[in-house]
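Here is the structure we will look at.
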Amino acid sequence: MKINEVVIEDTFAEVFSMYTARILITAATRRWALESALETKGLGRSATLPPSEASIERAASGTETPDKRPGYILQVGDRKRKELDHWLVTRIRKGVFPIPTTAVFDALPPEMAEDFVEIEHTPVQLFGDGYEEIVDVFGRKMYKIPRMDGFLYVEKRFGVTKGIAGGNFLIMGDSQGSALLAAEMALEAIMDVPYVTGRIAASGTKVGGNLYKDAVATTNDPYCACISNKVRDSKIPDGVHCVYEIIINGLTLECAKKAMKAGMEKAISVRGVKKITAGNYGGKLGKECIYLYDLVR
């Protein structure tokens, strides 16, 4: 199939379930809310090594936050439930507590919550050293924890749902510039879809390794244009010199599909994009498959 002279490969993205929490970090100013969000999501781009995945979903204005201050919504996810519990608490403790004026709320829609991460007896609660208390504020039950610039408010518990991870498509361009521009425009479109996060991956990892058998993940050599002349089964078409992967996680499968569709439609509008495909493992990784043709037909 061709759209705007861009080849759409007849393939699918293979998605899998992941335990997901959705949190809101606010602060007195947008600057400090963003710094806290960036600290909290740090090292969260890839699932191939700990800590858990984490991404900023979107900014939130003071008209929609419980404390009427600017903030950012993040999604934190892991395929293992105990790992999610650990890393969510760790991310809040290390990414929110040191940053001036911050507060952190549960942002998962209540009807989606299947379980909860309780903050009691974790390093978040214990930071108060006995001076912390549970209060009803902002219409929530929050821990009120003293620190040097005043009280820090942290939700008493955070909802967890079975979200979707691994939605993806690959953008193949005639240059790094065209592929990167298409990827950036795709991300902008994805941000307009509720309950999803999108990110660009240059690494494009594959599971395991051909030479290094003990490696968890290695370079996705069939899609590395820079070594296409060295790879026996290269997937790089003539005229393609750069590939970027767009990765999409979301709270529901339908959200992920909408985000993939929006991102692909924007990417194929960029001059220099030659082909759109997707990464999968033949159906062995996840139970759900999102077919590219179904999204753009």
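The values are calculated or read from the model by the stated rules, or taken from the named source; none is laboratory data. Worth saying up front: this structure is predicted, and the values here are computed from it rather than measured. Backbone-built Cβ (ideal geometry, glycine too); neighbour counts: all protein chains shown.
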So which residues in region 197-223 are touching a Ser or Thr at 6+ places or on another chain (Cβ under 8 Å), part of a loop (DSSP other than H, G, I, E, B) and in contact (Cβ under 8 Å) with a residue 12 or more places away in the chain? S203, G204, V216, N220
Any idea how many residues of region 126-139 are in contact with a Pro (Cβ under 8 Å, 6 or more places away or on another chain) and either loosely packed, with under 15 Cβ neighbours inside 10 Å or outside the structural domain of E64 (by TED's automatic domain parsing) (or both)? 2
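Of the residues that make up region 243-251, is at least one over 20 Å from the mean Cα position of the chain (by Cα) and of a type in the set (D, E)?
no
Suppose we filter R79, R147, R93 for residues that are buried (at least 16 other Cβ atoms within 10 Å of the Cβ) and not β-branched (V, I, T); which single one remains? If you could, list the steps in order and put the result at the bottom.
Numbers: R79 fails: buried (at least 16 other Cβ atoms within 10 Å of the Cβ); R147 fails: buried (at least 16 other Cβ atoms within 10 Å of the Cβ).
Residue meeting the stated conditions: R93.
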Residue check, G173 against (1) small (G, A, S); (2) closer than 30 Å to K206 by Cα; (3) touching a Ser or Thr at 6+ places or on another chain (Cβ under 8 Å), all met but one. Which one? (3)
Given the criteria surrounded by 21 or more Cβ atoms within 10 Å (Cβ to Cβ) and either at pLDDT below 95 or under 22 Å from the mean Cα position of the chain (by Cα) (or both), does G166 qualify? yes
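Test V296 against the criterion of being at pLDDT below 95 and aliphatic (A, V, I, L, M), and give yes or no.
On the way: at pLDDT below 95: yes; aliphatic (A, V, I, L, M): yes.
For V296, the condition - at pLDDT below 95 and aliphatic (A, V, I, L, M) - is met.
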Give the residue, chosen from V124, V135, V117, that is within 23 Å of H86 (Cβ to Cβ) and in a strand (DSSP E or B). V117
How about region 75-91: which of its residues are within 12 Å of E53 (Cβ to Cβ) and among the aliphatic types (A, V, I, L, M)? V76, L84, L88
Filter result (under 21 Å from Y195 (Cα atoms), in a loop (DSSP other than H, G, I, E, B) and small (G, A, S)) within region 244-297: G286
Does region 177-216 hold any residues that are out of contact with any helix residue (DSSP H, G or I) (no Cβ under 6 Å at 6 or more places or on another chain) and of a type in the set (F, W, Y), and which are they? Y212
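Of R232, R271, which residue is modelled with pLDDT under 95 and of a type in the set (K, R)? Let's see the steps before the verdict.
Details: R271 fails: modelled with pLDDT under 95.
Just a single option satisfies the conditions, and that option is R232.
Does region 178-192 contain any residue that is out of contact with any Phe, Trp or Tyr (no Cβ under 9 Å at 6 or more places or on another chain), buried (at least 23 other Cβ atoms within 10 Å of the Cβ) and part of a strand (DSSP E or B)? I'd like the intermediate steps shown before the answer.
In the first step, residues of region 178-192 are kept if they are out of contact with any Phe, Trp or Tyr (no Cβ under 9 Å at 6 or more places or on another chain); the result is 178, 181, 184-185, 187-192.
In the following step, the residues that additionally are buried (at least 23 other Cβ atoms within 10 Å of the Cβ) were identified as 190.
Within this subset, residues satisfying the condition of being part of a strand (DSSP E or B) are none.
Within region 178-192, not a single residue is out of contact with any Phe, Trp or Tyr (no Cβ under 9 Å at 6 or more places or on another chain), buried (at least 23 other Cβ atoms within 10 Å of the Cβ) and part of a strand (DSSP E or B).
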Given the residues L152, L108, L88, which is the only one that is surrounded by 21 or more Cβ atoms within 10 Å (Cβ to Cβ), assigned to a loop (DSSP other than H, G, I, E, B) and modelled with pLDDT of 95 or more? L108
Take G239 and tell me if it is part of a loop (DSSP other than H, G, I, E, B), outside the structural domain of G286 (by TED's automatic domain parsing) and at positive phi. no
Out of region 1-57, which residues are within 26 Å of V207 (Cβ to Cβ) and of a type in the set (D, E)? E9, D10, E14, E53
